[in-house]
Amino acid sequence: MTRVSRPTVRGLSRRALLQTGAAAALLPALGAGALRAQTVQRIGFTPFSYAATLSVQIAEAFNAAAKQLGIEGESFDGQSDPSIQVNGLNQQIGRGFGGIALEAVDGGSIRGLARVAEENKVWLSHVWGNAPWFTPWDASEYYSLHIQPNEYEGLGQVTRVLIEALGGEGTIVRVGGLLNDSSDVVRSAGADKVIAEYPGITFAGELPGDWTPEQSQKAAAALLSRFPDTRGIIAQNDDTATGVIAAIRAIGKVPGKDILVVGTNGTLDGARRIKEGTQLASAANNPSFIGYTLAANLYDRLNGWTPEPLERALTFRAEILTKDNIDAYIERYIDAPVETHFDATKISRVKSPEDWDPQYELIPSDIDEQWINQPKPEGYTYPEAYVKGREDGSYERIVQQFKDHYKIKLLDKSPLAG
């Protein structure tokens, strides 16, 4: 089947993207072994889907960061389709991109994509979904970075906000992401741990919402029909919450009053709903931070920087957004242009070798927490670099290093505000 070329998001706003549909089918893949043009300092990002506000925000931030760093950045729509995402990656390689980043549609594809990156000597960084128990240490050095929020902690915290707002009593349900998605599994585990602490809470049921508003609305409608006494809904991200809130309104109830909703990611839609009172809270896995960090990592690798082994898999902690702190978040990340959200030159170890600042609380990833409730493959052994780093003091030293360099806090004024 021939696919029609579509424009990239370079230079396009989210509004323009959503109005023009600037992310449809990609050109056919050039193939992993295609000869690449010798263009340097070009990086590309392929998100999950432009149908999700989260993906659009990450893409815009990635491109903004590339511009700050003085290189070319482009983004291409994954359309919630692993094959399209792989084709997009191959296309970027064929066009001479030296670094590629993903918000993976299917974590199971990462193992193969890491091989493609190695074969083509292209740096790969990505966020969220991965093949179970597969890490950058299980691939070549070209698998530069896997970054993920502390999903377990974040969903636990936002679930506690929901339950406390309900007075510790009542029926709640959950609308998840993709069935068996690794991020969805760990988020559920974090929420379940907190739910178990409250005997007055009845967890009635859950359905997958596929990370999209449309499917999440259908899932929420089915749950509300089956459990009409529902008082709270855990949406596994803010795009899911968009659909959940639509389903609540469709049955004549008031979100934020009759039924409370929490989400995660801190998207612009989620933040605005918290401000207006229709969403109670969100665990802010700031989308702009993800885009800036993926871009800065690729820039640094293209320009000779080598991370310590434990810096190849990082976790960042969510900021729990409620009505009490949402104004500062909206001022910096919603009302201000994406070009001012973070300072990519400070995130970069090449641009700022002495006074670099991640501008978020980062720690090396804990494999066991990342893959909680997911069985190890038969014969699994922990990566040698990971074990060594946890035993020789590297973990504690890197944690302290990130803490010492974290100067510009998430809810501070923008470092680039006029």
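Rounded to the nearest Hz, the phi-derived 3J(HN,Hα) couplings of the stretch 239-249 under the Karplus curve 6.51 cos²θ - 1.76 cosθ + 1.60 (θ = phi - 60°) are 5, 4, 4, 4, x, 4, 5, 4, 5, 5, 5, where x marks glycine and proline. Semi-axis lengths, largest first, of the ellipsoid equivalent to the stretch 152-284 are 17, 17, 15 Å, with √(5λ) applied to each eigenvalue of the Cα gyration tensor. Extending 7 Å from Cα along the Cβ direction at residue 229 and again at residue 390 yields two label points whose distance is 4.4 nm. With the biggest extent put first, the Cα atoms of the chain measure 61, 53, 52 Å across the principal axes.
Per-peptide packing, taken as the mean over residues of other Cβ atoms within 10 Å, places 223-233, 384-394 in the sequence 223-233, 384-394 from highest down. In terms of surrounding Cβ atoms within a 10 Å radius of their Cβ, 240, 315, 159 rank from fewest to most as 315, 159, 240.
Were the residues from residue 250 through residue 214 laid out at 0.36 nm apart, the gain over their Cα-Cα distance would be 11.6 nm. Relative to the first principal axis of the alpha-carbon coordinates of the chain, what is the inclination of helix 82-94, with its axis defined by its Cα atoms, in degrees from 0 to 90 and to the nearest 10? Once rounded, one gets 30 degrees. The residue 119 and residue 192 beta-carbon pair, evaluated with R₀ = 30 Å, returns a calculated FRET efficiency of approximately 0.15. If I fit a long axis through the Cα atoms of helix 110-120 and take the longest principal axis of the Cα atoms of the chain, what angle between them do I get, 0 to 90°, rounded to 10? Roughly 20 degrees, rounded to the nearest 10. Placing a label point 7 Å from the Cα of residue 355 along the Cα-to-Cβ direction, the residues of the stretch 383-418 with a backbone N closer than 20 Å are 401-418. For the stretch 266-272, the Karplus equation 6.51 cos²θ - 1.76 cosθ + 1.60, evaluated at θ = phi - 60°, returns couplings of x, 6, 4, 5, x, 4, 5 Hz by residue, with Gly and Pro reported as x. About its Cα centre, the dipole of the stretch 152-284 is roughly 340 debye, where the only charges are +1 on Lys and Arg Cβ and -1 on Asp and Glu Cβ. If the elastic network links every pair of Cα atoms under 10 Å, which of 334, 147, 43 fluctuates the most in the Gaussian network model of the chain? Highest fluctuation among the options: 334. If you take every DSSP beta bridge whose two residues both sit in the chain, what share of them, in percent to the nearest 5, is antiparallel? Among the beta bridges of the chain, antiparallel pairing accounts for roughly 15 percent. Between the residues 179, 281, 236, the greatest Cα displacement towards the positive end of the dipole of the stretch 152-284, with unit charges on the Cβ of Lys, Arg, Asp and Glu, is found for 281. Put simply, the amide H of residue 46, placed in the peptide plane, has neighbours under 5 Å in 76, 101, 102, 103, leaving out anything fewer than 5 places away on its chain.
Taking amide H as placed 1.01 Å from N in the peptide plane, residue 406 has no amide H partner under 5 Å among residues 5 or more places away or on another chain.
Going through the cross-link list 121/351; 275/351; 257/346, which pairs have a Cα-Cα distance over 32 Å in this structure? Where the Cα-Cα span goes over 32 Å, the pairs concerned are 275/351; 257/346. Take the Cα of residue 327, go 7 Å toward its beta carbon, and the backbone nitrogen atoms of the stretch 276-306 under 19 Å from that spot belong to 276-282.
Each Lys and Arg Cβ is given +1 and each Asp and Glu Cβ -1; about its Cα centre, the chain then shows a dipole of about 1060 debye.
Under a 10 Å cutoff between Cα atoms, tell me which one of 169, 378, 119 has the largest fluctuation in the Gaussian network model of the chain. Residue with maximal mean-square fluctuation among 169, 378, 119: 378.
Have a look at 91, 57, 401 and tell me which one the Gaussian network model of the chain (Cα, springs below 10 Å) gives the largest fluctuation. Judging by the Gaussian network model, the answer is 401. Averaged over every viewing direction, what's the projected area of the C-alpha convex hull for the stretch 78-228? Give it in nm², one decimal, please. For the stretch 78-228, the mean projected area of the Cα convex hull comes to 9.8 nm². Separation of the stretch 130-174 and the stretch 222-293, taken as the distance between their Cα centroids, equals 17 angstrom.
Since every read-out is calculated from the coordinates, none of them should be taken as a lab result. Because the structure is a prediction, the values reported are computed rather than measured. When we count neighbours, we look across all protein chains shown, and the Cβ atoms used for this are built from the backbone with ideal geometry, even at glycine.
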